[in-house]
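Any read-out appearing in this document is the output of simple, stated calculations on the displayed coordinates, not a laboratory observation. No experiment lies behind these values; they were computed from the predicted model shown. For neighbour counting, all protein chains shown are included, and Cβ atoms are generated from backbone atoms with ideal geometry for every residue, glycine included.
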Amino acid sequence: MTKTRPLAAAAFVAALAFASPSRAAGHELVAVPAEAATSSTAAAFDGVVEAVRQTVISAQVPGAVVQLDAKVGHAVKAGQVLLRIDARAANQNAAASDAQVLAARASLEAATQEVERQKQLYQKNYISQAALERAESAFKATRAQLSAQGAQAAAVRTESGFYVIRAPFAGVVADVPVSLGDMAMPGRPLLTLYDPSALRITAAVPQSVATQLVAGQWPRAELPGLPAARQWPTPARWQVLPTVDSATHTMQIRVDLAASSPGVAPGAFARLWLPLSGAAGVASRSLTVPLQAIVRRAEMTGLYVLDADGRPALRQVRLGRVSGDRIEILSGLMPGERVATDPEAAARVR
């Protein structure tokens, strides 16, 4: 009995240590409150990355897709063959048109020789003026027929080119909604192509805000989905479109990105920070936390918030600008809430 009690006491102490691993190891979680910072220089508006040059190539003629070289994500050159439609019937029509042109040319040669003979006979007074005029009229009709046949043959050859789909410019294939063997019909989209060297960020802002932009100051572009070193690209050009959406009363602001923007694709989430003045630039309060407190897991961005008992819970937040060693929290956190500065240690607390 004397040996059993010390063993039970040791087991109880070990159980307490296992239940609170962070405290047993002598490490308390370091937490700081979310601080409110004054911001009066810019306001953030969500936007989207767009391609300045993007086209949806559609079929102009019917036929089955017999060759498909384009794949999503492939970089193509201008003029490169992307897709072919069955053109056997069109090729036969082109051959028939060419044969008709040859026949019309032979008829024109015969009409030319005939009108020359009629002129010689007329000069010798062997035929009348009416006979010569009939020969000249036949010559002109044959020549006009040759021109019509040539134009028709050119139109058929042009239509034959519609069965071969080529890249109108160098770019990246974004979408291929057809498969080999599908029936292409006039107007049906075959593929989408965009130029990765010309991208821009477009954001819709209220009309009242667009009129308060500070003259001479450029907006800042943010790409939250990229690594920290490439999240703030340098704008190459920006403009405010002169039209206003009558339904939302918003105006579009476009910011062109530099030609080299690796990792950026159309449709990506972006944010524009606009320099404002006047009523739109009144100081506002924003929350900031240490940059090291942010947790990134796959597509989720969050931080560990401590409850009243000091236990951390992972919470998803929306991030704003980075200023030194602190980052702005746009949503998901309340002023005064405590945030764990060591996410790894907070994740080990059970």
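Remark: segment 87-162 projects, on average over all directions, an area of 4.8 nm² (convex hull of Cα atoms). Rg over Rh for segment 239-350 works out to 1.06, both radii taken from alpha-carbon positions and Rh defined as the Kirkwood radius. Here the chain is treated with +1 on each Lys and Arg Cβ and -1 on each Asp and Glu Cβ, and its dipole about the Cα centre works out to around 460 debye. Peptides 315-323, 109-117 ranked from most to least packed give 315-323, 109-117, packing being the mean of other C-beta atoms within 10 angstrom over each peptide's residues. The structure shown yields Cα extents along the principal axes in Å, and of the options [x] 64, 60, 41; [y] 58, 48, 42; [z] 149, 65, 33 that calculated value carries the label [z].
Binning the alpha carbon pair distances of segment 92-244 at 5 angstrom intervals from zero yields the distribution 1, 7, 9, 8, 8, 7, 7, 7, 6, 5, 6, 6, 5, 5, 4, 3, 3, 2, 1, 0, expressed in whole percent. Per-residue ellipticity at 222 nm, computed for the chain from helices alone with -39500 (n - 2.57) per DSSP H run of at least four residues, works out to -9500 deg cm²/dmol. The fewest-to-most ranking of Ile57, Ile165 by surrounding Cβ atoms within 10 Å reads Ile57, Ile165.
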